[in-house]
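In what follows, a single structure is set out as structure tokens and then discussed.
The values are calculated or read from the model by the stated rules, or taken from the named source; none is laboratory data. No experiment lies behind these values; they were computed from the predicted model shown. In this analysis, Cβ positions are derived from the backbone assuming ideal geometry, glycine residues included, and neighbour counts consider all displayed protein chains. Accessible surface areas use protein heavy atoms only, side chains included; no ligands, DNA or RNA. Shrake-Rupley method; radii C 1.70, N 1.55, O 1.52, S 1.80 Å.
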Amino acid sequence: MKCSICLYCGSHSGTNPAFAADAAALGQAVAARGWRLVYGGGNVGLMGVAARAAVAVGGQVIGVIPRALLEREQGYTEVSELIITETLRERKALMFERSDAFVTLPGGFGTLEETVETLTLRQLRYHNKPIYLLDTAGFFQPLLQFFEHARASGFIHPDHFHLFTVTRSVPELMELLERGA
Ligand code: AMP
């Protein structure tokens, strides 16, 4: 296995069909390269869209889901491996350990929480794995404006903007992942 991609994204599909289109394109593109998709194990929202798209083309998909969320997030059993954890923290730790790079698609609090924790851990040099935000339809612009506001207010060091990369499309993202950039 060349590469293992951790996907953070919404447990809803959002209002813009472009979100699901990109989630499906990402799942397919990761599988097409023979890479592994590691994700939250659910069959809901963008999580389900990306996982189903990867499975549909024979991709290797690992789902990691806490027992308590099996019902709410409809644990997706068609994956190569569905790991059931006891806690959310275990889920996040396993997703982290099993991955070489992180990709965030649009999502809500859960998606933000996972992404910002991964960013913070990189900032503190607990790891040096690349982190990408896929800015489908400009979804992340308000968050990036907030990061800029935090920088201007003296809370985020300008150097720390190199901790993540914003990409506009799935093909651009795949190219960056291939180059390890
Ligand atoms: P959301 O972006 O709120 O739709 O959540 C996306 C995914 O993140 C869902 O599968 C949530 O269960 C998951 N999630 C939320 N908080 C955490 C957390 N603290 N650790 C791990 N996963 C989480």
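Hey, among LEU46, LEU105, LEU37, which residue is out of contact with any His (no Cβ under 9 Å at 6 or more places or on another chain), near the ligand (Cβ under 10 Å from one of its atoms), closer than 19 Å to LEU177 by Cβ and open to solvent by less than 10 Å² (accessible area, probe 1.4 Å)?
LEU105
Pull out all pairs, ordered by first then second residue, where Cβ-Cβ is under 8 Å, the residues are six or more apart or on different chains, the first lies in the stretch 33-45 and is modelled with pLDDT under 95, and the second is open to solvent by 10 Å² or more (accessible area, probe 1.4 Å).
Sorted first by the residue in the stretch 33-45, then by its partner, the list stays empty.
Could you give me the residue pairs with C-beta distances under 7 Å whose first residue belongs to the stretch 85-105 and is more than 19 Å from PRO130 (Cβ to Cβ), whose second residue is open to solvent by less than 40 Å² (accessible area, probe 1.4 Å) and part of a loop (DSSP other than H, G, I, E, B) wherever it lies, and which are 6+ apart or on separate chains?
ARG91/GLY40
When you scan the stretch 46-78, how many residues do you find that are polar (S, T, N, Q) and in contact (Cβ under 8 Å) with a residue 12 or more places away in the chain?
So the answer is 2.
Just to check your reading of the model, which residue among ASP100, ASP135 is within 21 Å of PRO171 (Cβ to Cβ), of a type in the set (Asp, Glu) and either within 13 Å of the ligand (Cβ to nearest atom) or open to solvent by less than 50 Å² (accessible area, probe 1.4 Å) (or both)?
After ruling out the rest, the residue left standing is ASP135.
For the subset of the stretch 10-32 comprising residues that are touching a residue at least 12 places away in the same chain (Cβ under 8 Å), open to solvent by 10 Å² or more (accessible area, probe 1.4 Å) and closer than 19 Å to PHE109 by Cβ, which member is nearest to the ligand (Cβ to nearest atom)?
Residue satisfying both the conditions and the ranking: SER11.
Return yes when ALA51 is surrounded by 18 or more Cβ atoms within 10 Å (Cβ to Cβ), closer than 16 Å to SER11 by Cβ and touching a helix residue (DSSP H, G or I) at 6+ places or on another chain (Cβ under 9 Å) and no when it is not.
So ALA51 passes the test.
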